[in-house]
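Student: Structure in structure tokens, see below.
The values are calculated or read from the model by the stated rules, or taken from the named source; none is laboratory data. Everything numeric in this text was worked out from a predicted model, so none of it was measured. Backbone-built Cβ (ideal geometry, glycine too); neighbour counts: all protein chains shown. In case anyone asks, the SASA skips ligands and DNA or RNA and just uses the protein heavy atoms, side chains included. Shrake-Rupley method; radii C 1.70, N 1.55, O 1.52, S 1.80 Å.
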Amino acid sequence: MEILYRSTRGGEERITASQAILNGIAGNGGLYVPTEIPAFDRPVRAFASMDYRETAFTILKAFLTDYTEEELRSCINSAYGSQFDTAQIAPLTEAAGVHYLELYHGPTIAFKDMALQLLPHLMTTAAKKNGVTDEIVILTATSGDTGKAALEGFTDVQGTRIVVFYPKHGVSRIQELQMVTQKGDNTCVVGIEGNFDDAQTGVKKLFTDERVGAALAANGFRFSSANSINIGRLVPQIVYYVYSYARLLREGRIADGEAVNIVVPTGNFGNILAAWYAKKMGLPVKKLICASNENKVLYDFFGTGTYDRNREFILTSSPSMDILISSNLERLIYHIAGDDAETDRALMAKLLSEGKYEITDTMRKALTDFVGGFATEEETKAEIARVFTDAHYLIDTHTAVASAVCDRYRRDSGDTAQTILASTASPFKFTRAVTAALGIADGDADDFALAEKLSEKTGVPVPAAVSSLPGAQIRHTRVCEVTEMEQAVRDFLGIKGT
Ligand SMILES: *Cc1c(COP(=O)(O)O)cnc(C)c1O
């Protein structure tokens, strides 16, 4: 069965998966969605005998139907290899009654690697398939982790360049160092005087500005996106939900067909949307628990049916979730409206003009799979301490938000279903907050001394992605205003004029 892609905001055009991956975002500002969500072509238990790569192949083949099997296998083999520190790629650890799905064993020790190790290969393959000879310019806004993961994925990939914008004052010191020390002649990293939403809005503007597009084309370039709006990010994220369910099945932790709950620390809504797609494909999932930090716009949305971004933006200890416009929610809106682009377009126009919109009762009924929850900063800290004290298991701040939400949900609801919880970053990426939570913080120590301290306390070794940073050369120093983002791109590409 061939799966084609269309924009959430309509238009008649139906394009192939490889074209959608190349384009990143639709010309009318919409996100590409499959015209149909493919069902599993085999019983779920068949996945129990597969390794990560084979699971990835099966899922990707169902969605990316214009890629050949050889192309998919070659992409997958390049992506999920020795750059991960475990052959399992995404191991499960049980602690305090929850199955933590560790998605941080890749090169940048955060879950973005799961998709971004694969995307560059899907993209360069797509370019070849579609006869594209222009150099691909990846334009990315990051709240911290995407940027480094995208840089790591695209660095020195032939026929590509990558520009990353991050909020200068909104990421951790380690996150910033990871990015500004990035090697590769095709990489460019710029801090902006603004928050993540400003960066993301600026990137979206550049993408849809025809004048900028024309200037690029005249110089042999074309934009694409590595942000989670790219369908080539979303599809690889479905894989680990299927893989982890199958692991539990293989280990006899669940019965064949038994429904599990999935808890996801959420920002841009990409990771949890992938879990929803997995459920639509046929994965036995009971509840999808969407965990927010104090920027709880999604919690309010699931509770009221109104999405309202008009509120204070709060900087928290889980910066990758400090987001007020969750881009990927647009895909869910489109689907729960009955794959209706008209409705989606109207709501997104309201979001742009008024900063909020309300969905209909019928649409709300389609959301019963979801439970929203949020954790305060205090609760997040307490959860890191609780899980470590009770189970001697160390989690980062993002994972702790989800873990706290999960713990409260289970106590309040009495729901005893087996639970898979997406563990999205290594605790060593957020040492300051994690050591504070464990009561071993030291105001005078830098992040690296704290990492050593954390390692001593917990017996977990400091990952090389952190320990190699202090000696690394800083290669990117530019900081600009939001209004100067276009100029930064032009300067890097050597395109004159305005
Ligand atoms: C990106 C990120 C998230 C949020 O994921 P979304 O797909 O944007 O919802 C959560 N935790 C970490 C560590 C991340 O890097």
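Student: So which pairs qualify, if the first residue must be in region 468-497 and within 18 Å of residue 220 (Cα to Cα), the second must be buried (at least 17 other Cβ atoms within 10 Å of the Cβ) and among the aromatic types (Phe, Trp, Tyr), the Cβ gap must be under 7 Å, and the two must be at least 6 apart or on different chains?
Tutor: These pairs meet every condition: 493/221.
Student: Something else now. Just to be sure before I move on: is residue 42 open to solvent by 30 Å² or more (accessible area, probe 1.4 Å), under 21 Å from residue 344 (Cα atoms) and of a type in the set (Lys, Arg) in the structure I sent?
Tutor: In short, no.
Student: Something else: Which ones in region 404-431 are hydroxyl-bearing (Ser, Thr, Tyr), closer than 20 Å to residue 316 by Cα and more than 12 Å from the ligand (Cβ to nearest atom)?
Tutor: 431, the sole residue that qualifies.
Student: Take residue 310 and tell me if it is of a type outside the set (A, V, I, L, M, F, W, C), under 24 Å from residue 37 (Cα atoms) and either in contact (Cβ under 8 Å) with a residue 60 or more places away in the chain or part of a loop (DSSP other than H, G, I, E, B) (or both).
Tutor: For residue 310, the condition - of a type outside the set (A, V, I, L, M, F, W, C), under 24 Å from residue 37 (Cα atoms) and either in contact (Cβ under 8 Å) with a residue 60 or more places away in the chain or part of a loop (DSSP other than H, G, I, E, B) (or both) - is not met.
Student: Just need a number here: residues in region 194-206 that are open to solvent by 40 Å² or more (accessible area, probe 1.4 Å) and among the β-branched types (Val, Ile, Thr).
Tutor: 1
Student: Taking residue 415 as meeting all but one of (1) in contact (Cβ under 8 Å) with a residue 40 or more places away in the chain; (2) open to solvent by less than 30 Å² (accessible area, probe 1.4 Å); (3) within 29 Å of residue 177 (Cα to Cα); (4) not in a helix (DSSP H, G or I), write down the number of the exception.
Tutor: It is condition (3) that residue 415 fails.
Student: Quick one: which residue in 247, 253, 233 is buried (at least 19 other Cβ atoms within 10 Å of the Cβ), under 20 Å from residue 55 (Cβ atoms), more than 21 Å from the chain's Cα centre (by Cα) and of a type outside the set (Ser, Thr, Tyr)?
Tutor: 247
Student: Which number in (1) of a type outside the set (S, T, N, Q); (2) open to solvent by less than 10 Å² (accessible area, probe 1.4 Å); (3) more than 20 Å from the chain's Cα centre (by Cα) marks the one condition that residue 209 misses?
Tutor: Status for residue 209: all satisfied but (2).
Student: Search region 89-116 for residues that are within 21 Å of residue 409 (Cα to Cα) and among the aromatic types (Phe, Trp, Tyr) and pair each with any residue that is within 14 Å of the ligand (Cβ to nearest atom) and assigned to a helix (DSSP H, G or I) when their beta-carbon atoms are under 9 Å apart and the residues are at least 6 apart or on different chains.
Tutor: 100/399; 100/403
Student: Okay, moving on. Of all the residues that make up region 72-116, how many are out of contact with any strand residue (DSSP E or B) (no Cβ under 8 Å at 6 or more places or on another chain), within 16 Å of the ligand (Cβ to nearest atom) and not hydrophobic (A, V, I, L, M, F, W, C)?
Tutor: Of the residues in region 72-116, 6 are out of contact with any strand residue (DSSP E or B) (no Cβ under 8 Å at 6 or more places or on another chain), within 16 Å of the ligand (Cβ to nearest atom) and not hydrophobic (A, V, I, L, M, F, W, C).
Student: Let me ask another. Restricting attention to region 128-149, and to residues there that are within 12 Å of the ligand (Cβ to nearest atom) and charged (D, E, K, R), which single residue is nearest to residue 200 (Cα to Cα)?
Tutor: Per the stated criteria, the residue is 145.
Student: Which of the helices (runs of 4 or more DSSP H) contained wholly in region 92-186 include at least 1 residues that are open to solvent by 10 Å² or more (accessible area, probe 1.4 Å) and farther than 30 Å from residue 417 by Cα?
Tutor: 119-129, 145-154, 173-180
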